[in-house]
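I have placed the structure first, in the form of structure tokens, so that the comments after it can refer back to it.
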Amino acid sequence: MNDARPVDMETSEELAGLNDAGARVEMPIVPVDSIAGRALVAIIAIMTFLASLTIGAVVLVGTAAEEWQSAVAREITIQIRPTPDRDADADVATAAALARATAGIGEVRPYSTAESAALLEPWLGTGLALDDLPVPRVIIVKLAGQGTDLEPLRKALTERVPRASLDDHRGWIDRMRSMANSAVALGVGVMALVLAATVLSVMFATRGAMATNRPIVEVLHFVGARRSFIAREFQRHFLILGLKGGAIGGAAALAVFALVHLIDAWFRGRPGEEQIGALFGTFSIGVSGYAAIVAHVVLIALITALTSRLTVHHTLKGLE
């Protein structure tokens, strides 16, 4: 190996051989189109599609959770439990007046007895006589802004309306925040698994490509080709495969979310729109969601290229 000389791109073309007419044939170290390459593109496309769906789902859950938390945090509920020795209507009027007199309160809406009873219909059904049941009276209070101090109102209710209770919905907000964080953590876990599967697929594909082209790789290596040159050839090849697979999978995911958004827009103005919107939001991942999917496609391509390069370096190091 004392006569070995570094091999560049031109030298690699000379090593590719001559055709029958004596003309130089430029043959890449890694075949441009092969069954293994197409299979890897399909695998990367599937992985990217699943990861992109996960990204979109996490964005939808996060957006919906923020909307829920914002809507719940802007309202508080005052419940007044009726007792035989007190006038429920008077207690409702007193509690409403106390709420209106509190700083930071935007709107106060007392519910009538019939409206309070109607809130139980989803659980108890309709047509029931609820006159003999101690159905609490409800007052919905909307806050004018964030950071409203509710302690003065809570204290006033305790003194003036003993059977009243104030619910600021903090428990619901904490539960929704925990659910959103769990969804994000699950999405990150799925992303990690997808990336790990992609890395393993690229490693095996790179080793397979090197095994298939082992004679060419060994000749280049033993005549003095630098490891960086050989690795660069594999890196360029697998970068293209990663971009192809990532673009196919990412485009399919973007098409799915665009279709869902169109269906959601089509359902606007139809029965059940408010309930669906309150539960799932707008079914749109927004600009940030689409940008995250595009960034993931680029990340997949870069990981594919880097994994291939490191695999080649490690394999060639074992040949020395």
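The values are calculated or read from the model by the stated rules, or taken from the named source; none is laboratory data. All values derive from a computational prediction rather than experimental measurement. A quick note on method: Cβ atoms are made from the backbone with ideal geometry, for glycine too, and the neighbour counts reach across all protein chains shown.
Looking only at residues in region 238-254 that are more than 13 Å from Leu299 (Cβ to Cβ) and not β-branched (Val, Ile, Thr), the one that is modelled with the lowest pLDDT is Phe238. Candidates are the residues of region 155-171 that are of a type in the set (D, E, K, R) and more than 21 Å from Gln69 (Cβ to Cβ); the one that is surrounded by the most Cβ atoms within 10 Å (Cβ to Cβ) is Arg163. If you check Glu67, Glu10 for being loosely packed, with under 13 Cβ neighbours inside 10 Å, on the phi < 0 side of the Ramachandran plot and at pLDDT below 80, only one passes: Glu10.
For region 234-256, the count of residues that are assigned to a helix (DSSP H, G or I), over 30 Å from Tyr290 (Cβ atoms) and of a type in the set (D, E, K, R) is zero.
Inside region 148-201, residues that are touching a strand residue (DSSP E or B) at 6+ places or on another chain (Cβ under 7 Å) and part of a helix (DSSP H, G or I) make up a count of 3.
Scan region 161-184 and give yes if some residue there is under 30 Å from Leu243 (Cα atoms) and either among the hydrophobic types (A, V, I, L, M, F, W, C) or under 22 Å from the mean Cα position of the chain (by Cα) (or both), otherwise no.
The answer is yes; a qualifying residue exists.
Cβ-Cβ contacts under 7 Å between residues 6 or more apart (or on different chains), taken from a first residue in region 172-187 that is over 16 Å from Ser70 (Cβ atoms) to a second residue that is of a type in the set (Ser, Thr, Tyr), are listed as Gly187/Thr54. Yes or no: Val92 under 40 Å from the mean Cα position of the chain (by Cα) and β-branched (Val, Ile, Thr)? Here the answer is no, as Val92 does not meet what is asked. Only a single item in (1) surrounded by fewer than 14 Cβ atoms within 10 Å (Cβ to Cβ); (2) among the polar types (S, T, N, Q); (3) at pLDDT 80 or above is not met by Gln235, and it is number (1).
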